[in-house]
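Enquirer: The structure's right below; bear with me while I get my questions together.
The values are calculated or read from the model by the stated rules, or taken from the named source; none is laboratory data. None of the values given here were measured: they were computed from a predicted structure. Cβ sites come from the backbone with ideal geometry, for glycine too, and all protein chains shown count toward neighbours. Areas reflect the complete protein model, heavy atoms only, side chains present, ligands, DNA and RNA absent. Shrake-Rupley method; radii C 1.70, N 1.55, O 1.52, S 1.80 Å.
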Amino acid sequence: MTRAVLLDIEGTTTSLSFVHDILFPYAAAHLAGFVREHRDEPRVARLLADARAYAGGDLDDTALIERMRAWMDADQKITPLKALQGLIWEHGYEKGDFRGHVYPDVPEALRRWKDAGIDLYIFSSGSVHAQKLLFGHTDAGDLNPLFSGYYDTRIGGKRDADSYRRIAAEIGLPPEQILFLSDRPEELDAAALTRMHTAAVLREGVEGPFGHHRSFPDFAAVMPEAMARGR
């Protein structure tokens, strides 16, 4: 029996275009100004120090900003960069520059699963802070009360089976009682190695192949409470 659903964000709950055409360009455009305005704040200073350490050099602010822009252009999943992006997006949400996108079928499905006694979790390469901002500012209202927990790359990479083992341990369930939904076969493969249930969500432009993973056109078709391995 499935007792928890673990969700990817980009391409699963949320359109790729929102992330790549709105969030990423916004962070890139505001990065330099944000760093120079907030660099002395403790949480920002800590993230900048972590980014410098990752870069492997004692870079000044200008050089570090350029390095982080290069990381953004390459879509590198670097934890301090993702956390900084989340802080920049926080300002954007607060100013009303954009709202968090979720597909129309997502809120109803989340509520249906929650009402069925299934706990809901997020695992995304975006920081936990950024995840909460997105789900807290949707056209369907604040969806954060529906979630029991959030995970980002601090627990490990999304293509690493050990990340899913750690998540299952933190949730307190055997992997066999967790369903992971994503649009990325490599992530589904990693989760399946732990014996989690897995399913691909075939949003626009997603075709696979997804091998042995089940696939659904949207969340409305997913019935996690009925899933059992091998069915």
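Enquirer: In region 161-199, what residues are open to solvent by 20 Å² or more (accessible area, probe 1.4 Å) and either of a type in the set (Gly, Ala, Ser) or in contact with a helix residue (DSSP H, G or I) (Cβ under 6 Å, 6 or more places away or on another chain) (or both)?
Expert: Scanning region 161-199 gives ARG166, ALA169, GLY172, PRO175, ALA192, LEU193, ARG195.
Enquirer: Moving on to the next point. Is region 146-154 home to any residue that is out of contact with any Gly (no Cβ under 7 Å at 6 or more places or on another chain), over 27 Å from HIS91 (Cα atoms), open to solvent by less than 20 Å² (accessible area, probe 1.4 Å) and not basic (Lys, Arg)? Even if it seems obvious, please write down each step before you answer.
Expert: Filtering region 146-154 for residues out of contact with any Gly (no Cβ under 7 Å at 6 or more places or on another chain) gives 146-151, 153-154.
Those left that are additionally over 27 Å from HIS91 (Cα atoms): none.
Within region 146-154, none of the residues are out of contact with any Gly (no Cβ under 7 Å at 6 or more places or on another chain), over 27 Å from HIS91 (Cα atoms), open to solvent by less than 20 Å² (accessible area, probe 1.4 Å) and not basic (Lys, Arg).
Enquirer: If you take just the strands (runs of 3 or more DSSP E) that sit entirely in region 97-185, which of them hold at least 2 residues that are hydroxyl-bearing (Ser, Thr, Tyr)?
Expert: Result: 149-151.
Enquirer: Another one. With the requirement that a residue be closer than 24 Å to ARG111 by Cα and either out of contact with any Leu (no Cβ under 7 Å at 6 or more places or on another chain) or surrounded by fewer than 20 Cβ atoms within 10 Å (Cβ to Cβ) (or both), what does region 200-221 give you?
Expert: To start, the set of residues in region 200-221 that are closer than 24 Å to ARG111 by Cα comprises 200-204, 214-221.
Correct list: LEU202, ARG203, GLU204, ARG214, SER215, PHE216, PRO217, ASP218, PHE219, ALA220, ALA221.
Enquirer: Do you know which of the residues in region 128-145 that are of a type in the set (S, T, N, Q) and closer than 28 Å to MET1 by Cβ is surrounded by the fewest Cβ atoms within 10 Å (Cβ to Cβ)? Walk me through it before giving the result.
Expert: Residues of region 128-145 of a type in the set (S, T, N, Q): 131, 138, 144.
Keeping just the survivors that are closer than 28 Å to MET1 by Cβ gives 131, 144.
On the way: GLN131: 24, ASN144: 16.
By that ranking, first place goes to ASN144.
Enquirer: Can you name every residue in region 36-65 that is assigned to a helix (DSSP H, G or I), surrounded by 13 or more Cβ atoms within 10 Å (Cβ to Cβ) and not small (Gly, Ala, Ser)?
Expert: Within region 36-65, HIS38, VAL44, LEU47, LEU48, ASP50, ARG52, TYR54, ASP61, LEU64, ILE65 meet the criteria.
Enquirer: Given the conditions (1) in a loop (DSSP other than H, G, I, E, B); (2) modelled with pLDDT of 95 or more; (3) under 18 Å from VAL222 (Cβ atoms), and given that ARG203 satisfies all but one, which numbered condition is not satisfied?
Expert: (2)
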